[in-house]
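Notes follow once the structure below has been shown.
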Amino acid sequence: QVQLVESGGGLVQAGGSLRLSCAASGRYAMGWFRQAPGKEREFVAAISWGGGNTNVAASGKGRFTISRDNAKETVYLQMNSLKPEDTAVYYCASARAASGSTISESPAWYRYWGQGTQVTVSS
């Protein structure tokens, strides 16, 4: 059983930064997703187990960076130049199995999910 615990959310003004952390055990690819009220869960970023393959959604390109420190069993999402439309609950997720360098934008590809952390960006 993989347990995921997110932290680092909060209230920030537009243009500010936050770094989300996800403590995760297991040698799996990881993803970040977000869900705003009344909207579907959407892909934010993903990273392979070794960290050599990453992908960031178009909405976050140039502003968001995903990284991981496997020695600390932690995945990070650095979010800069935040906008009010980034307001959502952010979830980290772990792949169903060891996947090498493969990552995915599909929530269905991920098996384990954290409880989420709220990010609110004020204008």
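In this simple spin-label model, placing a label point 7 Å from the Cα along the Cα-to-Cβ direction at both Ser101 and Arg27 gives a separation of 1.7 nm. The average projected area of the chain, computed from the convex hull of its Cα atoms over all directions, is 6.7 nm².
Quantify, in whole percent, the carbon and sulfur part of the accessible surface of the chain (1.4 Å probe; protein heavy atoms only). It is 46 percent, rounded to a whole number. Loop-located GluC sites (Glu not before Pro) in the range 13-77 (DSSP state not H, G, I, E or B) with no more than 13 neighbouring Cβ atoms inside 10 Å: Glu40, Glu73.
Normalised per residue, the accessible area of the chain is 50 Å², obtained with a 1.4 Å probe and no contribution from ligands, DNA or RNA.
The values are calculated or read from the model by the stated rules, or taken from the named source; none is laboratory data. Everything quoted here is computed from the prediction, not taken from an experiment. Cβ atoms come from the backbone with ideal geometry, glycine included; neighbour counts cover every protein chain shown. Note: areas computed on protein heavy atoms with side chains; ligands, DNA, RNA excluded. Shrake-Rupley method; radii C 1.70, N 1.55, O 1.52, S 1.80 Å.
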